[in-house]
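The structure appears below as structure tokens.
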Amino acid sequence: MKNLKTPVLIAPSLMAANMLCLKNEVQAIEAAGADWLHLDIMDGHFVPNLTFGPDIIRQLRTVCSLPFDVHLMVEPVELCIDLYHKAGADHITIHAEAIRDLRHYLDVIKKLGCKAGVSINPGTSVDAILSVLDLVDLVLIMSVNPGFYGQSFIPSSLDKIVTLAEARKERNLNFYICVDGGVNPGNAPGLISAGADVLVAGNSVFKQPDYSVAIQKLKHS
Ligand code: DX5
Ligand code: ZN
């Protein structure tokens, strides 16, 4: 059974921040009580959008001490791993859909000293990652089709969280279950009780007037 005393972690997604003042945004989100900073890297190929790259991350690293949770929506992803590690990533998450030798590259991430994450899109079954659960530090369940913030939560994602939480318990493993896309104070309680440990949130934090209130609403709604 999940330890009820462990509070859920909130990872605001910088993609939804005001791009004209990123330094202020990351400092404000750290002061507001964010646990991790979620950084969505998009390549216009694996997903139909572009965001930011390693140089921005390197500069943000100098003004923010939150763990940098880098979500690579990039194909091919192999060559990017070292680049984002050097830029200051603490966690590097790769997509099961974007890579053949998932196990090998998760190991590469760990050997660099980063936490290794695996993500699956809404159309991908949890079965695709069962064989690497022993190796990962986090699993990122995409609850929207990746590419844009502000989309609606896909309800079938809840079952994936339950399946993962069961697998984790049965196999006595230890990884964070993270959920990304359309998370809001209305669906957060259900996600937490299903087994989510980390809520990634773009719209529900960076598009709200008070970041601290927004984070608390997600934690305690
Ligand atoms: C979507 C990204 C998400 C996104 C979340 O492809 O991976 O991290 O920014 O934004 P919201 O919470 O607005 O869906
Ligand atoms: Zn993301």
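Look through segment 124-143, keep the residues that are hydroxyl-bearing (S, T, Y) and within 16 Å of ligand 1 (Cβ to nearest atom), and return whichever of them is farthest from A201 (Cα to Cα). Among residues in segment 124-143 that are hydroxyl-bearing (S, T, Y) and within 16 Å of ligand 1 (Cβ to nearest atom), the one farthest from A201 (Cα to Cα) is T124. Among the residues examined, G113 does not qualify as closer than 27 Å to L22 by Cβ, in contact with a Lys or Arg (Cβ under 8 Å, 6 or more places away or on another chain), surrounded by fewer than 18 Cβ atoms within 10 Å (Cβ to Cβ) and at pLDDT 95 or above.
Pairing residues of segment 194-221 that are farther than 21 Å from L140 by Cα with residues that are part of a helix (DSSP H, G or I) and within 14 Å of ligand 2 (Cβ to nearest atom), at Cβ distances under 7 Å and at least 6 apart in sequence or on separate chains, gives K207/A16; Y211/V205; A214/S204; A214/V205. For residues that are without any contact (Cβ under 8 Å) to a residue 24 or more places away in the chain and touching a helix residue (DSSP H, G or I) at 6+ places or on another chain (Cβ under 9 Å), scanning just segment 156-181, find the one that is farthest from ligand 1 (Cβ to nearest atom). Taking the candidates together, the pick is N174. Quick check: anything in segment 119-126 surrounded by 15 or more Cβ atoms within 10 Å (Cβ to Cβ), of a type outside the set (V, I, T) and out of contact with any strand residue (DSSP E or B) (no Cβ under 7 Å at 6 or more places or on another chain)? No: zero hits. L14 meets all of the listed conditions (1) more than 19 Å from D210 (Cβ to Cβ); (2) within 16 Å of ligand 2 (Cβ to nearest atom); (3) touching a Phe, Trp or Tyr at 6+ places or on another chain (Cβ under 9 Å) but one, namely (1). Within segment 52-76, being crowded, with 20+ Cβ neighbours inside 10 Å and either β-branched (V, I, T) or within 22 Å of S143 (Cα to Cα) (or both) holds for I57, F68, D69, V70, H71, L72, M73, V74. Scoring Y176 on the criteria (1) of a type in the set (S, T, Y); (2) within 16 Å of ligand 2 (Cβ to nearest atom); (3) modelled with pLDDT under 95 leaves a single failure, condition (3).
Please state which one of L135, L140 is away from ligand 2 (no atom under 13 Å from the Cβ), of a type in the set (A, V, I, L, M) and touching a strand residue (DSSP E or B) at 6+ places or on another chain (Cβ under 9 Å).
Details: L140 fails: away from ligand 2 (no atom under 13 Å from the Cβ).
So the residue among L135, L140 that is away from ligand 2 (no atom under 13 Å from the Cβ), of a type in the set (A, V, I, L, M) and touching a strand residue (DSSP E or B) at 6+ places or on another chain (Cβ under 9 Å) is L135.
The values are calculated or read from the model by the stated rules, or taken from the named source; none is laboratory data. Note that this is a predicted model, so its numbers are computed, not measured. Counting neighbours? That spans all protein chains shown, and the Cβs are built from the backbone with ideal geometry, glycine included.
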